[in-house]
Each structure stands twice: as C-alpha cells, then as structure tokens.
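Here is the structure we will look at, set down as structure tokens.
What follows draws every value from the coordinates through simple rules; no lab data is involved. Note that the coordinates shown come from a computational prediction; the quantities given were computed from them, not determined experimentally. Glycine also receives a Cβ, built like all others from the backbone with ideal geometry; neighbour counts cover every protein chain displayed.
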Amino acid sequence: MSDATSSIQLSRKPPSIDPGDPLDTHSIPAGSEAPCGHSACNSAVALFVKLERMARSEIPAERRIRLLRAVQPQVFRVASEMSNPKVSARGQDTKAVGGQTLEQRLYRLMINNLKTTIEGLDRSPMAFARSAAEERRWLVKNLFLFIGRQIEYGLLWDRPWPEHTWQELHDLFLYLSSRKDIALGMESEEAAETFKPENEYKRLLLLGLLGHLVPFRHRPSLPDRRMMSWAEQTRLQDPGAFGGTFGLFVVDVARDEPPTRHSGVLDPRFSGWVLAPAQEFLDEVGGSARNEVSETRREGRLGPNS
C-alpha cells in the first residue's frame, strides 16, 4: 500500500444532532427508531445529551478519559435494555427502511469522543508518561470495541451502517500504524498484552466480508473464539504482488466500505491491501453462500446454470 499514513487523522466533523429534551422521549432525533421502553429511552436520550455535549466541549484529555470511563458502562447498560430493532420479512430489503436506532447513535457518539480523546492525549504533555500509555491502551481497545459493536449490530439486524463506520475503522488502523503502534505481520511487543489491534482489525474485516458475500438470512452465527482464530490466520498483503490477478478480496482504505471481491485487475493507484482470509473462514462462508444459491433455485429465481 502506498505510504499515506503521515496525514491520517481520526477526528471527523461530528454529525449534526439535536438530542432534544432528555426527559421527553418524543423528541428523539429525526430519523431515529426507538426500539425501547419509556424508561430505557429516557436513559438513552439523557446519555445522548451528555455525550453530545462532551464531543463539542474543549475538555483536557485527562478529564475526558475519566468521563468516558464513567459513561462507558452506562452505554452498555442502556443498550442491553433496548428491545431489538425490526427485522425484515423474508426476502424484503430493509436497507431503505427506517433511520439509525438510538443504540447506533449512542455508539456513534462514543466513537466520536474516543477518537477526540486519543488525539488529544497524543498531543498532550503527558503523552509519554506511563499512566498515559495505560489510558491510551484503554482508549484504543474501546474504540475498536465500539466500532465493532456498530459493525456487528448492522450485520445482526440487517441495518445500514452509519456513515463513516468503515472509514473510521480503516483510519484508526492507519493512525496506529503511522505511530508505530502496529507492525503488520508482527506480534505485539508486550507479550502479555492479549488485545492486539491488528487481529481485531482483521476480525472486523472478516465480519464485513461475511456480510458482503452472504445474504442476511443465510449468515452463519460465528463464535468470537473462531473469528479471532481466523483473524490471526488472515493476512493483509501488499497489492503490488498481485499484478494481473483477478477475483481478489480487497480492503480499500480510502473508501467507507467493508472488504469486497474485486472482479477485475487492481488499479496501480489502489490504496489498501489484498485480504487473504483464513481457509476455514472461506470454507464456512462458501457453504453459507451455496445454501443461498440452492434455496434461490428452489424458489425459481435462478436458472439451473446460475
């Protein structure tokens, strides 16, 4: 991949959001669905206001970290209290139905605040202190966690991902790479560190590839342990070694999208990686895709030679 990491920034302009009155569940932001009871919605909108104010306030990184540590379990609690969003009837396309749910918007605001805090911490005088290193690991881990929740939520409920979800994941990985926090293909310098950003990035890429290749009703439920094992076996490879090759899985870091299968030959200006998934993952996904083709044929939507 071409070296474009020196100008990578995490922060993007936060979406324009009017959270409304935190005590009025009828003033939920336009376009949101509210799959929750009155009490849960009250809590969600109150959190919404708190996170929105935090995102737009000039707060020192150290204080912002304390606030985020306090609010993180509240976001998880409120999310667990919300009822599930609507799932489409069989064969119906839900991508054009409804806006973002409150849960998606809460994740969105947590992501914005975590990004701002990481960048603020990296610019602060305490950036090289031991305590800052510990706080930074927490921030990075939680940023992957909340972007991951956003991606998993979209796959689980067949919802469109909020704008910039995938771009932010790619930007985060490039940002960490540019700061030498990640060395592609190498283990973490801290042998005791169980959270490895590269493996988490690849796990989310595999989930995105699953959503790209397998229709919603045939997506298998893949346990985290298997996904992480496959992520460790998956490789991000230099596209320059695949000139003239067709049908590659590619990660375009300049586009707000998950990995895709590229039908033609890669453009020399392509910015990203060739994704080489673990073979067991491809076998699992291939079986699910074959089930979809078989069922589609039975329903008469494909000819026998499709």
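Based on the mean of other Cβ atoms within 10 Å per residue, sort peptides 123-131, 70-78 so the most packed one is first.
Working: 123-131: 10.4, 70-78: 15.8.
Taking the mean over residues of other Cβ atoms within 10 Å, the ranking is 70-78, 123-131.
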(message) Can you compute the FRET efficiency between Arg269 and Ser221 using 1/(1 + (r/R0)^6), with r the Cβ-Cβ distance and R0 = 25 Å? Round to the nearest 0.05.
(response) 0.05
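With a/c under 1.5 counting as rounded, go ahead and sort the stretch 142-286 into rounded, prolate or oblate using the C-alpha gyration tensor (a ≥ b ≥ c being the square roots of the eigenvalues; past the cut-off, prolate if a/b is larger than b/c, else oblate).
Rounded, since a/c falls under 1.5.
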(request) Would you mind checking the stretch 243-262 for residues with the amide N under 19 Å from a putative spin-label position 7 Å along Cα→C-beta of Gln167? (result) 251-260
(request) Evaluate E = 1/(1 + (r/R0)^6) for Met126 and His212, where r is the Cβ-Cβ distance and R0 equals 41 Å; express this FRET efficiency to the nearest 0.05. (result) 0.50
(message) Using a 7 Å offset from the Cα along the Cα-to-Cβ direction at both Asp256 and Asp283, what is the distance between the two label points in nm, to one decimal?
(response) 3.8
(request) State the extension gain, in nm to one decimal, for the chain segment bounded by Arg66 and Met228, taking 0.36 nm per residue of separation less the distance between their alpha-carbons. (result) 55.3 nm
